[in-house]
Each structure stands twice: as C-alpha cells, then as structure tokens.
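The values are calculated or read from the model by the stated rules, or taken from the named source; none is laboratory data. As the structure is a prediction and not an experimental result, all values here were calculated from the model. Every residue, glycine among them, receives a Cβ derived from its backbone with ideal geometry; neighbour counts consider all protein chains shown. Just the protein is used for accessible areas: all its heavy atoms, side chains included, with ligands, DNA and RNA removed. Shrake-Rupley method; radii C 1.70, N 1.55, O 1.52, S 1.80 Å.
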Amino acid sequence: MIQLREIKKTYVLGKTKVEALKGINLRVKKGEFVCVVGPSGSGKSTLLNIIGCLDQPDSGEVIVDNEKITNLNRNQLADFRANKIGFIFQSFNLIPVLNVYENIELPLLFMREQMPAKEKRAKIMQLIEEVGLKNEVSHKPDELSGGQRQRVAIARALVTGPKIVLADEPTANLDSATAQTIISLMRRLNEEEKVTFIFSTHDLSVTKYATNLYQLKDGRLVE
Ligand SMILES: Nc1ncnc2c1ncn2[C@@H]1O[C@H](COP(=O)(O)OP(=O)(O)O)[C@@H](O)[C@H]1O
Ligand SMILES: [Mg+2]
C-alpha cells in the first residue's frame, strides 16, 4: 500500500551539502508494524516527513494506495494528511491549554466530513480507554507523565481512523521501561485496528516489536 521509489533528498546549507537520503526504496503492506532504525542524523525524520507529506523529496516517487502523492497539489496534500495519516512525534506536540479529551478531539476538527457529535464522543472515549487514560480525561499535558503524554498523542493519531500512523522516535524522551510499554501499546493497536505503523528509533531495545525492520545507513535502507 505504500511504495517509495528512489527517494533522494539533499539539504544545502551555504556551501555544504548533506545528502540525507540517497535513493530509498521501500514497500510497506497494510497492517505491517515497520521499524526504521538508525543513529541520530541518519535521515529518519527526513524519511518519515516525506512519507507523511510534511516534506518533499528532490526526486523519486511516493505511492500510497496506487496514488502518486508526489504529484498532489497543496490542497490535495492537506486532505491526504488529514484523512489518511496520523502522526506521533518525539516531543509529543500536545496543546498545553487543552485537556486530554480536547487534544485527542483536535484532528477531528480539521476533517472535511464531520462526525455526528455522539459518535465523535464515543470514538474519543473508546480511544482514551484503550490507551489507559480514563482517569486523566480532564488533565492538561503538564499534569501528565511523559508516558501518559505519548499515550494521548497515540490516541490523537488514531482518532481520525487513518490508514497509516507515522511515529518519529516516539520513545526518545521516555525512560526505557516506559518506551517498551509505549511501543507494545502501538503494536496492540496496530493489530486491533489494522492500522499500518511506521516508527523510527535509535533504540535497539524496541526493535523487537517490529514485523519488518529496516536500518538507515549512509542514506540508504537495508533490511
Ligand atoms: N532542514 C535541514 N537543513 C539542513 N540539513 C538538515 C535539515 N534537516 C536535516 N538535515 C540534515 O540531514 C541529515 C538527516 O537528518 P534527519 O532526517 O533529521 O536525521 P535523524 O532524524 O535520523 O536524526 C542530518 O545530517 C541533518 O543534519
Ligand atoms: Mg529525527
């Protein structure tokens, strides 16, 4: 369902050029739990941002469900992101003034087709239960632990019913025990909700949850 063909991306800073991605080829099937592992600076964020249409490659193609997303215009890209993709970030990116419920609700407000209010509430409460935050519904992010914040971000990524969830180093700011529980929670949701996950990490201890493991090395992917 996701196919990358010869994706290249070079950053130019003054006179220095950084070839972040030198020709990435990748196929991801529906329901896979894909891990991209690599050290800092190996191009993980660049790769995930390109798959999620937050950034564009210099050359190469990204094809999702037989649609060449490298050809879409700005509006089509925004729609594609809002409807098909959920994002989870290393720094959680929650809105500080919104509580747990409101943070999870937020992506629904950007959807073209609005869900009926009752259905919306049921969906949000179901996700809050699944990520184990029933007692924290009204808490603001600064009243939560790091692991709890990432649980909110996971629920937020899933609330629109995306086909693909992209998680860029989702455990980088968590201690190792919490990192394990967060990745195993993602894996459980991947199985239950049949959502494809692609996550990146530099931490080898969480790669064991992956159904497909790739290493980013010198701007290329090795299986
Ligand atoms: N906006 C940018 N401008 C210039 N160089 C960048 C930019 N973003 C990333 N890079 C460089 O591209 C390489 C890959 O970065 P990145 O994708 O962030 O790696 P990772 O997420 O694995 O740490 C690094 O050498 C980084 O310095
Ligand atoms: Mg990164």
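What to note about this one:
- Of all residues in the range 106-121, those being over 17 Å from the mean Cα position of the chain (by Cα) and at pLDDT 90 or above number 6.
- Answer residue from the range 34-67, given it is touching an Asp or Glu at 6+ places or on another chain (Cβ under 6 Å) and open to solvent by 20 Å² or more (accessible area, probe 1.4 Å) and is farthest from ligand 2 (Cβ to nearest atom) among those: GLY60
A quick yes/no check of all residues on (1) touching a helix residue (DSSP H, G or I) at 6+ places or on another chain (Cβ under 8 Å); (2) more than 21 Å from ASN49 (Cα to Cα):
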site: ARG81; (1), (2): no, no
site: PHE110; (1), (2): yes, no
site: GLU129; (1), (2): no, yes
site: SER138; (1), (2): yes, yes
site: PRO141; (1), (2): yes, yes
site: ALA155; (1), (2): yes, no
site: PRO162; (1), (2): yes, no
site: ASP168; (1), (2): yes, no
site: LEU174; (1), (2): yes, yes
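- Which numbered condition VAL206 misses (of (1) modelled with pLDDT of 95 or more; (2) within 16 Å of ligand 2 (Cβ to nearest atom); (3) assigned to a helix (DSSP H, G or I)): (1)
- Considering the range 125-148, the residues that are of a type in the set (D, E, K, R) and open to solvent by 70 Å² or more (accessible area, probe 1.4 Å) include one that is nearest to GLU169 (Cα to Cα), namely ASP142.
- Among (1) under 17 Å from the mean Cα position of the chain (by Cα); (2) among the basic types (Lys, Arg); (3) at pLDDT 95 or above, the one test that LYS84 misses: (3)
- The residues on offer are LYS134, LYS68, and the sole one that is among the basic types (Lys, Arg) and modelled with pLDDT of 95 or more is LYS134.
- Candidates LYS22, LYS17, LYS29, LYS9 - the one that is surrounded by 21 or more Cβ atoms within 10 Å (Cβ to Cβ), of a type in the set (D, E, K, R) and in contact with a strand residue (DSSP E or B) (Cβ under 8 Å, 6 or more places away or on another chain): LYS9
- Of all the listed residues (THR201, THR211), the sole one being touching a Pro at 6+ places or on another chain (Cβ under 9 Å) and either open to solvent by less than 30 Å² (accessible area, probe 1.4 Å) or under 20 Å from VAL28 (Cβ atoms) (or both) is THR201.
- The sole residue among ILE154, ILE183, ILE198 that is away from ligand 1 (no atom under 16 Å from the Cβ), aliphatic (A, V, I, L, M) and touching a residue at least 60 places away in the same chain (Cβ under 8 Å) is ILE154.
- Candidate set from the range 122-180 (those that are over 19 Å from the mean Cα position of the chain (by Cα) and among the basic types (Lys, Arg)); member that is nearest to HIS202 (Cα to Cα): LYS140
- Looking only at residues in the range 150-175 that are open to solvent by 20 Å² or more (accessible area, probe 1.4 Å) and assigned to a helix (DSSP H, G or I), the one that is farthest from GLU102 (Cα to Cα) is ARG151.
To keep it simple, each residue is scored yes or no on (1) open to solvent by 60 Å² or more (accessible area, probe 1.4 Å); (2) under 20 Å from GLY147 (Cβ atoms); (3) among the polar types (S, T, N, Q).
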position	(1), (2), (3)
ALA177	yes, yes, no
LEU185	no, yes, no
PHE197	no, yes, no
GLN215	yes, no, yes
